[in-house]
Every structure is written in structure tokens, then in C-alpha cells.
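Just below is one structure, and these are the notes that go with it.
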């Protein structure tokens with residue numbers, strides 16, 4: 001059972017307390033989490049507001065890890081909206097930051113996001129290369145996303161064989 005409303009209330013209260021004590025780093029983390037739980041409730045515009053507010057704050061404070069997480073979430077939201085160029089920009093920025101801060105999980109997420117964008121825009125080989133790189137990271141970490149990425153790769157390769 002998904003308890004997004006409960007999580008939203010928890011994060012909102014946490015953000016209020018973080019704002020009260022002036023902990024902007026914590027505020028930025030609550031913003032990205034609020035974005036995730038509101039997006040999972042179908043409140044896309046509200047989620048986008050949280051992500052964009054998080055991006056602004058994390059950039060202002062140079063919180064690269066939070067900025068990267070918010071960019072990945074923005075990219076995922078843009079994919080759902082079929083806004084491929086915005087998704088490409090968000091995932092590309094996230095990947096660049098992930099490599100700088102050496103965040104394998106964020107790099108894997110950004111590469112998988114970019115793979116889906118490249119696939120839709122017709123760059124199948126590059127999409128598969130990105131997805132395979134993402135999968136390798138997820139497999140090395142034993143991350144649950146490896147199944148999703150592997151299934152996506154299999155589907156793209158199957159489709160390519162049918163088209164050939």
C-alpha cells in the first residue's frame with residue numbers, strides 16, 4: 001500500500017521545521033522528496049514546482065547532490081510529458097554533475113533517462129549504449145532498477161530485430 005499522503009505530510013512538516021531553523025540544505029532535500037510524493041499522487045504541476053524550487057535553491061547553495069537528484073526527477077517528469085528536449089537537458093545536466101560528484105546511482109539514472117530520450121529521437125545505438133552503461137552500474141550495486149533497465153534493453157533489441 002502506497003502511503004504518499006502520509007509521506008507528503010511528513011515531508012511538509014520537516015520542511016517547515018527546516019525553514020524555521022534556517023537549514024536550507026535540508027529544505028532542498030525535503031523539496032525533492034515532496035516532488036516525488038506529489039508526482040506519485042498524480043499532482044504533476046505541484047511536483048514540478050517542488051523540483052524547480054529545489055533546483056533554484058540547490059544551485060544557489062551549490063548543493064550538487066541535491067541539484068543532481070532534482071534534475072533526474074525533472075527529467076523523469078518531462079519523459080512522462082513527452083517533453084523530450086527538456087528531458088534531454090535535465091538528464092544531461094544530471095549526468096555531468098553525477099560524474100563530478102562521483103554518484104554512481106545518479107549517473108545510472110541519468111544514463112537510463114538519456115537512453116529513453118535518444119531512443120525516441122531515433123538514436124537507437126547510442127540509446128542502447130547508454131542503457132547498457134546504466135545497467136552495468138545498477139548490476140554492480142545490486143540496485144533494484146537493474147530489472148527495469150534490462151527489460152527496456154531487451155525490448156529495444158527485440159524491436160530492432162523485428163525492424164531489420
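Computed from the coordinates by the stated procedures, all read-outs in this text should not be read as laboratory data. Since the structure is predicted, the reported quantities are computational estimates derived from the model, not experimental observations. Using ideal geometry, Cβ is built from the backbone for each residue, glycine included, and neighbour counts are taken over all protein chains shown.
Below 8 Å, C-alpha to C-alpha, sequence gap of six or more: please give me the relative contact order for segment 97-144 in percent. In percent, rounded to a whole number, it is 35.
Express in % the proportion of alpha carbon pairs of segment 122-164 at distances exceeding 13 Å.
52 percent
The C-alpha atoms of the chain define a longest principal axis, and helix 124-141 lies at about 60 degrees to it. Remark: relative contact order (the chain) = 13 percent; criterion is Cα-Cα distance under 8 angstrom and separation of 6 or more residues.
Taking all pairs of distinct Cα atoms, average 1/r, flip it, and tell me the Kirkwood hydrodynamic radius of segment 7-76 in Å to one decimal place.
11.6 Å
Here are a few candidate values for percent of Cα pairs over 25 Å apart: (i) 35; (ii) 48; (iii) 39. Which one was actually calculated from the structure I just gave you? Label (i) holds the value from this structure. Nearest 10 degrees is fine. How inclined is helix 44-61 to the longest principal axis of the chain, computing both from alpha carbons? With both axes taken from Cα atoms, the answer is about 70 degrees. The calculated FRET efficiency for residue 49 paired with residue 105, based on their beta-carbon distance and R0 = 35 Å, is about 0.90.
Our summary gives segment 1-82 a relative contact order of 25 percent, counting only alpha carbon pairs under 8 angstrom and 6 or more residues apart.
Once the C-beta distance of residue 125 and residue 83 is scaled by a Förster radius of 35 Å, the resulting FRET efficiency is 0.90 to the nearest 0.05.
If you wrap a convex hull around the C-alpha atoms of segment 39-83 and split its volume per residue, what is the figure in Å³? Each step should come with its number before you reach the end.
Working: hull volume 2.7 nm³, N = 45.
It comes to 60 Å³ per residue, whole-number rounded.
Axis of helix 145-163 versus longest Cα principal axis of the chain: the two differ by about 30°, to the nearest ten degrees.
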